[in-house]
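Report on the structure given below.
The values are calculated or read from the model by the stated rules, or taken from the named source; none is laboratory data. Note that the structure is a prediction, hence the values are computed from the model and not measured. Note that each Cβ is placed from the backbone with ideal geometry, even for glycine, and that neighbours are counted across all protein chains shown. The area values use the complete protein model at the heavy-atom level, side chains included, leaving out ligands, DNA and RNA. Shrake-Rupley method; radii C 1.70, N 1.55, O 1.52, S 1.80 Å.
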Amino acid sequence: MLNITLYLLQRVSAAMMVPFVLVHLVVMIIAVNGGLTATEILSRTQGSLVWMLFYGGFVIAVSIHAAIGVRVIAYEWFGLNGRWLSVFTWTVGALLLFTGLQAVHAVTATPL
Amino acid sequence: MPDTSELTVTIQRGDQHDQHMDTFTVPAFSNQTVLDVVSWIQQNEDPTLTYRFACRVGMCGSCAMMVNGVPRWTCRTHVKNALKGQYLEIAPLRNLPVIKDLVTDMDPFFDKWIDAEGHHHASLTRNDEFAAITPTNPKRMTANEGIECINCAVCYSACDTVKNNAEYLGPAALQRAWTLLNDDRDEQDETIIDAVSGSSGCHNCHSMGSCTVYCPNELDPMSAIAGLKRETTKRALRRRR
Amino acid sequence: MKKVSRSHPLWFAYCLHRASGLALVIFLPVHFWVLSLALNRQAQLDSLLRFTDHPLVKCAEFGLVFLLAVHCFGGLRLLALEWLPWSSQQKTFAAIAVAGAFLVSTLFLLQAL
């Protein structure tokens, strides 16, 4: 039940995420050094357009990629099909997009 | 110490809706194939056992069955290579409906072959020049890698994606589509591309490779399907431009 | 229940890729929610971050990093398998080598910092 369109979306979002993932891993490793606090994270990301675009793009790509991924699992392992499969896919995608963009906003919004 | 002069053989019996296992004790011989074992049981122990075979020399693929969980040609499987201790478990090919005992209904397999457009599409007549293809032509060589498929359905049985996805066309059908796509004598590339780009097509393949691992003819359906993915992607991107 | 013998590398790679993806997609909403606390509930975020100093949590984090790396490099392996003219065995070894190298270097970095 993956056709050419879903396949392309899956592969393209995956390719987009390779640099995102690598940078995120490096940032994480550096940030985690010496303990992690909210202030420390925010001092880096708050008010930053670059981080907003970076993580915003990351969230969009992961929402597409993960939604299609779980679509395949829902169909192959749980037999979900037809309209409910589409509903499930869109729900997962929307959930990830919404919570993800909320998190991006939370850490990059300019302090009032 | 297991008795090496005898084998304990369990065989799946029954049909699609009602299955059970029967156990037989079979004398072991030094040069014995699994097909020999099945034939011995049918001839000496239980004449109601139903199974398929034809050439018995590894050319026709009719004798394919699950042997200790592995889809194989039973005429080319030496008992000593398949035994677990002194046990053999024989079952009909996976992923196909069971007609009786070890005989499966091959119709779904062949239907998907046709659905994948795995047949020749010609439009030249006797009055046209024939397509001149040299053996060293790269597309011809790519096609040659997949043309020795004899439709035995071992790859189809080995594939977990076929098991989990009832409409998936499967490795054999898709490999044939790939060989025809590379065959310059076949005139309908777009028809084949459309057939393998749908929701039952090549993009469902997860490249787990069981098809290539288990193909008795040492073909590589997984790479053929990768080729289809490349070709469908290139054409889809070209169309968008 | 019919079982197919599946003990070959590409099948394990398929399983690992699917399992890591599933684990990540379950983890992500939690991760996003924790981060969203940064906006108005920084005290709660801080207390959660202190919680992550616990060694068991550190182990779990290492597990997540590993799953992300495995999924990412497994994905690259798939892209190579589908698009590059290498043999499948070469690609699997290449992916294992890269993932292993990545793991080792990550561990090193974590130690060094």
**Top positive-direction residue, dipole computed over the stretch C:1-78 with Cβ charges, set C:L76, C:F27, C:F62** = C:L76
**Message:** As an exercise, use a Förster radius of 45 Å and the Cβ-Cβ distance of B:H78 and A:V87 to find the FRET efficiency, rounded to the nearest 0.05.
**Reply:** 0.30
**Prompt:** If you take the charge dipole of chain B about its Cα centre, with +1 on Lys and Arg Cβ and -1 on Asp and Glu Cβ, which of B:M66, B:N44, B:L228 is farthest toward its positive end?
**Reply:** B:L228
**Message:** Just to be sure I understand the model, the point goes 7 Å from the Cα along the line to the Cβ. What's the resulting A:L22 to B:N44 distance in nm?
**Reply:** 6.5
**Fill in**
chain B accessible area per residue, 1.4 Å probe, protein heavy atoms, integer Å², reads 48
**Asked** Do you know the relative contact order of chain B, to the nearest whole percent, from alpha carbon pairs under 8 angstrom that are 6+ apart?
**Response** 17
**Message:** From the protein chains alone at 1.4 Å, what is the descending order of accessible area for B:D111, B:D184, B:D22, largest first?
**Reply:** B:D111, B:D184, B:D22
**Cross-link pairs beyond the 32 Å C-alpha cut-off, checked among B:K112/B:K234; B:K80/B:K139; B:K163/C:K58** = B:K80/B:K139; B:K163/C:K58
**Request:** Pop out the carbon and sulfur fraction of the accessible area of the stretch B:2-58 as a percent, whole number, probe 1.4 Å.
**Result:** 46
**Complete:** For the stretch B:53-186, the charge dipole (Cβ of Lys, Arg +1; Cβ of Asp, Glu -1; about the Cα centre) points to a positive end, and the Cα of B:H120, B:P97, B:N165 closest to that extreme belongs to B:P97
**Asked** Binning every alpha carbon pair distance of chain A at 5 Å from zero, what are the percents per bin?
**Response** 2, 11, 17, 19, 16, 12, 9, 7, 4, 1, 0
**Item:** Loop-resident sites, the stretch B:81-142, for chymotrypsin sites (Phe, Trp or Tyr not before Pro), counting at most 11 other Cβ within 10 Å (DSSP)
**Value:** B:F130
**Request:** Starting from the residue with the highest accessible area, list C:R41, B:R52, C:R18, B:R72 in decreasing order, probe 1.4 Å.
**Result:** C:R41, B:R52, B:R72, C:R18
**Complete:** Interchain or sequence-distant (5+) residues whose placed amide H lies within less than 5 Å of the amide H of B:R13 are B:H20, B:M21, B:D22
**Item:** Nearest-20 debye value, the stretch B:85-179 charge dipole, Cβ charges on Lys, Arg, Asp, Glu
**Value:** 180
**Asked** Of all the accessible heavy-atom surface of the stretch B:198-241, with the other protein chains kept in place and a 1.4 Å probe, what percent is carbon and sulfur?
**Response** 45
**Request:** Rounded to the nearest Å, what's the spacing between the alpha carbon centres of the stretch B:1-43 and the stretch A:15-49? Just the number, please.
**Result:** 62
**Message:** I'd like the Karplus ³J(HN,Hα) series for the stretch C:70-77: coefficients 6.51, -1.76, 1.60, θ = phi - 60°, whole numbers in Hz, and an x wherever there's a Gly or Pro.
**Reply:** 5, 5, 5, 6, x, x, 4, 4
**P(r) histogram, all alpha-carbon pairs of the stretch A:57-112 included - 10 Å bins from 0, percent** = 25, 41, 22, 10, 3
**Asked** Going highest first, how would you order A:6-13, B:192-199, A:76-83, B:28-35 by mean Cβ packing within 10 Å?
**Response** B:192-199, A:6-13, B:28-35, A:76-83
**Request:** Can you give me the span-like helices of chain B, meaning DSSP H runs with 27 Å or more of Cα extent along the axis and Kyte-Doolittle mean at or above -1.0?
**Result:** B:221-240
**Request:** Select from chain A the helices, each a whole stretch of DSSP H, whose alpha-carbon atoms run 27 Å or more along the helix axis and whose Kyte-Doolittle mean is at least -1.0; answer none if there are none.
**Result:** A:4-32, A:49-78, A:82-108
**Fill in**
Here the relative contact order (percent) of the stretch A:16-112, from C-alpha pairs under 8 Å and at least 6 apart, is 41
**Asked** In Å², what does the accessible area per residue of chain A work out to with a 1.4 Å probe?
**Response** 50
**Request:** Evaluate the Debye formula for chain B with equal point scatterers sitting on the alpha carbons, no solvent, and hand back log10 of I(q)/I(0) at q = 0.07, 0.08 Å⁻¹, in q order, two decimals.
**Result:** -0.29, -0.37
**Asked** Among the GluC sites (Glu not before Pro) within the stretch B:187-229, which fall in a DSSP loop and have no more than 12 other Cβ atoms within 10 Å of their own Cβ?
**Response** B:E218
**Message:** For the stretch B:40-121, compute Rg over Rh where Rg is the Cα radius of gyration and Rh is the Kirkwood radius from the inverse mean 1/r over Cα pairs.
**Reply:** 1.03
**Fill in**
Any aspartates and glutamates whose Cα falls less than 15 Å from that of B:K229, other than same-chain ones fewer than 8 residues away, would be B:D189, B:E190, B:D194, B:D220, C:E82
**Prompt:** So, with +1 on the Cβ of K and R and -1 on the Cβ of D and E, and no other charges, what is the size of the charge dipole of the stretch B:1-117 about its Cα centre, to the nearest 20 debye?
**Reply:** 460
**Request:** Using just the helices of chain B, give the 222 nm mean residue ellipticity in deg cm²/dmol: DSSP H runs with n ≥ 4 each add -39,500 (n - 2.57), and the total is spread over all residues, rounded to 500.
**Result:** -9000 deg cm²/dmol
**Complete:** What the Cα atoms of the protein assembly as shown span along the principal axes, largest first and in whole Å, is 87, 73, 42
**Asked** Dipole size in debye (nearest 20) for the protein assembly as shown around its Cα centre, Lys and Arg Cβ +1, Asp and Glu Cβ -1?
**Response** 1320
**Request:** Estimate for me the total accessible surface buried between chains A and B (protein heavy atoms, probe 1.4 Å, no ligands or nucleic acids), in Å² to the nearest 100.
**Result:** 1200
